[in-house]
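Just so you know, all these numbers are worked out from the coordinates, no wet-lab data involved. Since this is a predicted model, take the numbers as computed values, not measurements. Glycine also receives a Cβ, built like all others from the backbone with ideal geometry; neighbour counts cover every protein chain displayed.
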Amino acid sequence: GEDVEQSLFLSVREGDSSVINCTYTDSSSTYLYWYKQEPGAGLQLLTYIFSNMDMKQDQRLTVLLNKKDKHLSLRIADTQTGDSAIYFCAEKPGFQKLVFGTGTRLLVSP
Amino acid sequence: EAEVAQSPRYKITEKSQAVAFWCDPISGHATLYWYRQILGQGPELLVQFQDESVVDDSQLPKDRFSAERLKGVDSTLKIQPAELGDSAMYLCASSLAGFGGPGGGGDIQYFGAGTRLSVL
């Protein structure tokens, strides 16, 4: 079945690291994505990881993938107030459609 | 930087009226997607076009929703008649290859800013 789960809310202080978690269910997912959505806006792709990788780093972003547990995480180093947004993980089983999680609202306080 | 264009940004309508949304994908992108995002949820695919052909409309409520991409470029999504439960953000996305195609990152989808629909 298709079901991507995320925690609803995360609050951190500016300068701390943020870790947003995601659990997916389709073991055939070949790509997993992280998107960011600011209020009233569309989705912005942050990063993605192919299923044969365990980790991907891109500047302040680190993605960890645990295929055995079907667990994906996004770590944001040195979190800034501008990082406050909703973060969606999404899985893509083969050539099928993207399936999004419910989103994690990240609030960064000064 | 190329973007997916959508209009209008906001639309307020009364139930039973007709509404239409427009999307212009990134130039050269063969695949176009329409998503509906209900407040507090992730986007859900309504319809996917490969060029001018529909490849997935399994979640499109066909009794009231219609979508077209006549020349394989821009697209229109229509709701007639609108119902209260249609209030949502309607997002358009495009990708280079799409269904069954190659492409780095599993064919990345780029999203427009969306149309926020309120049905009163």
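Summary of computed values
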item	result
Point-to-point label distance, A:Met55-B:Trp22, nm (Cα→Cβ direction, 7 Å offset)	4.9 nm
Inverse of mean 1/r across different Cα pairs in chain A, Kirkwood, Å	13.9 Å
Above-threshold pairs, the threshold being 22 Å between Cα atoms, out of A:Lys36/A:Lys97; A:Lys92/B:Lys78; A:Lys36/A:Lys68	A:Lys92/B:Lys78; A:Lys36/A:Lys68
FRET efficiency, 1/(1 + (r/R0)^6) with R0 30 Å, evaluated for A:Asp69 and B:Ala5 via beta carbons	0.15
DSSP beta bridges in chain B [antiparallel fraction, %, rounded to 5]	90 percent
Per-selection metrics, the protein assembly as shown (Cα): Rg and Dmax in Å	17.6, 51
Gain in span if fully extended, A:Asp16 to A:Thr30, counting 0.36 nm per residue against the direct Cα distance	1.9 nm
Derived scalar couplings ³J(HN,Hα) [the range B:44-61; Karplus, 6.51 cos²θ - 1.76 cosθ + 1.60; whole Hz; x for Gly, Pro]	10, 5, 9, 7, 10, 10, 10, 6, 9, 9, 7, 10, 7, 9, 5, 9, 8, x
Amide H partners (placed H, <5 Å) of B:Val55, local residues excluded	B:Gln48, B:Phe49, B:Gln50
